[in-house]
Amino acid sequence: MLWVKGSGGDLRTAKRDGFASLYLDKVRAMRPRYEGAPVKGPKTPIEDAMYPMYSHCVFNLNPRACSIDTPLHTFVPFQHVDHLHPNAVIAIAASVSQERLCREIYGDDVVYVPCSGQASTSG
């Protein structure tokens, strides 16, 4: 089972009905389609192409729309994924050396996911 905060919802005030509920195995079964895309990652066309397919993975006829970031929550091999947008982290992510800074500041506590087409700035 996968519970993802519904698109457009506020995590601070969210209740159970504010989360999309999906069969995790069904969403993970779509991974080959995602992996087979010529361009993949955050904010790429494959995310938009996969989005309508999530309705075939819904648990308990839950009408809540899931986040377009569902692949991120599904394909990362951890039981719990916090996907947040705090200003301090955005400042690091928007810096010239974001990959190096993330590794330097957070070590192995975070997973760095580069934007598609982004050149690595580490080194």
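The values are calculated or read from the model by the stated rules, or taken from the named source; none is laboratory data. Bear in mind that the values here come from a model prediction, so they are computed numbers and not experimental data. Cβ coordinates were reconstructed from backbone atoms using ideal geometry, including for glycine residues, and neighbour counts include every protein chain displayed. Protein only, heavy atoms only, side chains kept; ligands, DNA and RNA dropped before computing areas. Shrake-Rupley method; radii C 1.70, N 1.55, O 1.52, S 1.80 Å.
Data overview
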| quantity | calculated |
| --- | --- |
| Residues of segment 38-57 satisfying the condition of being among the aliphatic types (A, V, I, L, M), surrounded by 12 or more Cβ atoms within 10 Å (Cβ to Cβ) and in contact with a Ser or Thr (Cβ under 9 Å, 6 or more places away or on another chain) | Met50 |
| Filter result for the condition that a residue is under 29 Å from Asp17 (Cβ atoms) and loosely packed, with under 14 Cβ neighbours inside 10 Å, over His80, His73 | His80 |
| Of the criteria (1) at pLDDT below 80; (2) touching a Cys at 6+ places or on another chain (Cβ under 7 Å), which one Ile92 fails | (1) |
| Residue satisfying all of: in segment 1-37; in a strand (DSSP E or B) and open to solvent by less than 30 Å² (accessible area, probe 1.4 Å); nearest to Val58 (Cα to Cα) among these | Leu22 |
| All positions within segment 83-112 that are closer than 22 Å to Arg16 by Cβ and open to solvent by less than 100 Å² (accessible area, probe 1.4 Å) | His83 |
| Residue within segment 61-68 that is β-branched (Val, Ile, Thr), open to solvent by less than 60 Å² (accessible area, probe 1.4 Å) and more than 22 Å from Asp10 (Cα to Cα) present | no |
| Selection count, segment 43-60, where residues are closer than 17 Å to Leu24 by Cα and assigned to a loop (DSSP other than H, G, I, E, B) | 2 |
